[in-house]
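Since the structure comes first, as structure tokens, the remarks are kept for the end.
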Amino acid sequence: MNALSRRELLAAGVALAALRSRAVRAAEPDAQLNLPNRRAAYEPWYSWRADVPQSAVAIVHSAVLAANAHDTQPWKFRIDANRIDVYADTDRHLGAMDPFRREMHLSLGCALENAALMARAIGYAANIEFAGGSLREEGSTRTPRRAASIGLTAQSPDVSPLVAAIPHRHTNRSPYQGERRISDETLNRLTALASDAQARLIWITDPFARRDFASATVAATQSIVADPVMIADSDRWFRSSDAQIELNRDGPTLYCAGLSPLVLFGARLLPISAQSAHRHWIDQTRDSQLGTSPLIGLIAVRDLYARDQALRAGRLWQRLHLQGTLLGLGMQPLNQLPECVDRELQLGKPATYAGTLAGFSGDSQWQTTFAFRLGWPTRAAAASPRRTLQSVVMPPSRADS
């Protein structure tokens with residue numbers, strides 16, 4: 001059969017309803033998942049299984065474990081007879097940090113990649129259709145908008161090695177072993193993943209260029225902190241306590257901040273002012289993050305605000321991060337420069353940051369939409385919270401209900 005039948009759609013609904021009891025019955029979480037605790041906010045990580053029967057719900061479950069900006073999880077999914085539609089959840093917008101929803105669509109691209117990998121692993125062809133259009137023309141609509149569709153037709157299972165990394169992939173913000181280089185073999189394995197001609201992978205290997213990138217990124221971080229609207233739109237997602245994490249099941253947390261165990265212990269006990277947190281972000285970006293990273297990577301596209309190109313760039317980042325996880329690498333987005341590019345455009349200011357970024361891409365025809373660091377970590381990365389699958393799955397369309 002080449003599509004999900006109505007019976008399978010009903011089974012998907014039953015599977016969603018059973019998630020809560022499944023969590024209760026789950027075994028103790030694998031230590032390699034590095035969960036801060038076994039509370040409900042982390043259930044999607046430890047209940048994920050690779051060896052599941054054909055199920056659209058299993059595909060969505062993999063999708064929600066994808067990387068995403070500020071852990072906003074800006075996605076919704078609709079499961080229909082022969083496809084899964086992926087929507088931008090515009091209520092989960094980062095405001096001035098992402099005025100054109102470019103990072104939102106990068107996040108959706110990450111979810112698409114996880115979904116496609118899982119679909120193929122359990123016996124579906126995953127034919128992805130991107131929605132077109134420019135993100136600059138989208139306006140401020142609050143209605144979820146379809147970003148892509150995944151066509152599901154039966155085929156023999158095709159299990160990528162990347163699937164095994166899905167529940168173990170976490171952003172590592174800790175210091176890296178700066179003196180330990182990335183081998184050419186490792187770099188080649190990562191570079192081989194950049195197979196989409198519309199998303200280019202660029203490595204900054206020259207130490208002087210890395211120094212310049214670090215200085216520019218610190219300056220961009222300072223610019224964000226000095227912009228009261230940007231920093232407020234960032235701060236509102238931060239979850240400072242376990243109670244906030246359980247209530248919201250999203251957002252950056254202290255557990256994921258790359259802190260040493262001692263500093264994390266103190267930060268959880270004592271309240272931290274916004275000013276201190278902002279100062280720490282600047283210092284951490286300069287010293288323990290950029291100051292210890294042996295390599296910087298960029299993902300560039302030809303049109304920064306083309307919806308499909310943002311989705312393609314997100315898919316590439318997810319593949320890179322999954323492969324890095326299998327190799328034991330730490331990886332972390334450092335997108336302050338692209339965020340400042342968006343903000344300058346929103347405010348009608350001269351494109352200073354766009355010019356800075358263009359100097360690192362080496363080709364005026366390509367625009368950097370994503371920047372990251374990688375290296376050998378000194379500490380394991382912690383999992384971030386995740387919302388329930390019930391909260392991100394929309395009712396079937398009328399034709400399939």
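Structure notes:
- Of Pro252, Pro228, Pro294, the one that fluctuates the most in a GNM where the chain has Cα springs shorter than 10 Å: Pro228
- Principal-axis analysis of the Cα atoms of the chain puts helix 352-361 at an angle of about 80° to the longest axis.
- Spin-label model, Ser241/Gln390: points 7 Å from Cα along the beta carbon direction are separated by 2.5 nm.
- The shape of region 44-104 can be summarised by an equivalent ellipsoid whose semi-axes, obtained from the alpha carbon gyration tensor, come to 26, 15, 7 Å from longest to shortest.
- In order along region 93-100, phi translates into HN-Hα couplings of 7, 7, x, 5, 6, 8, x, 9 Hz, rounded to whole numbers, per the Karplus curve 6.51 cos²θ - 1.76 cosθ + 1.60 with θ = phi - 60° and x for Gly and Pro.
- Placed amide H near Val393: partners under 5 Å, 5+ positions off or other chain: Phe77
- Between helix 336-347 and the chain there is an angle of about 90 degrees, using the helix long axis and the longest principal axis of the Cα atoms.
- Between Phe265 and Gln365, the simple label model (points 7 Å from Cα in the Cβ direction) yields a spacing of 5.7 nm.
- Karplus 3J(HN,Hα) series, Hz, for region 230-239 with 6.51 cos²θ - 1.76 cosθ + 1.60 (x for Gly, Pro): 4, 5, 5, 5, 6, 4, 5, 8, 6, 10
- Near the amide H of Leu295, within less than 5 Å, lie the amide hydrogens of Leu374, all on another chain or at least 5 residues away, with H placed in the peptide plane.
- Acute angle (nearest 10 degrees) that the helix 207-226 long axis makes with the longest principal axis of the chain, alpha-carbon atoms: 80
- Sulfur and carbon atoms: percent of accessible area, region 72-224 [1.4 Å]: 45
- Where a label projected 7 Å from the Cα of Ser276 along Cα→Cβ would reach, residues of region 227-251 with amide N under 16 Å: 240-241
- Extension gain for Glu344 to Ser160 (0.36 nm times residue separation, less C-alpha to C-alpha distance): 62.2 nm.
- Residue-wise HN-Hα couplings along region 144-155, as the Karplus relation 6.51 cos²θ - 1.76 cosθ + 1.60 with θ = phi - 60° gives them from phi, are x, 10, 5, 9, 6, 10, 10, x, 10, 10, 5, 7 Hz; Gly and Pro carry x.
- Dimensionless Rg ratio for region 259-332, taking C-alpha atoms and the 2.2 N^0.38 Å reference: 1.49
- Shown here are the Rg and Dmax of the Cα trace of the chain, at 20.2, 60 Å.
The values are calculated or read from the model by the stated rules, or taken from the named source; none is laboratory data. Quick caveat, the model's predicted, so the values are computed rather than measured. Ideal geometry is used to build each Cβ from the backbone, glycine not excepted, and the neighbour counts take in all protein chains shown. Heavy atoms of the whole protein, side chains included, go into the accessibility calculation; ligands, DNA and RNA do not. Shrake-Rupley method; radii C 1.70, N 1.55, O 1.52, S 1.80 Å.
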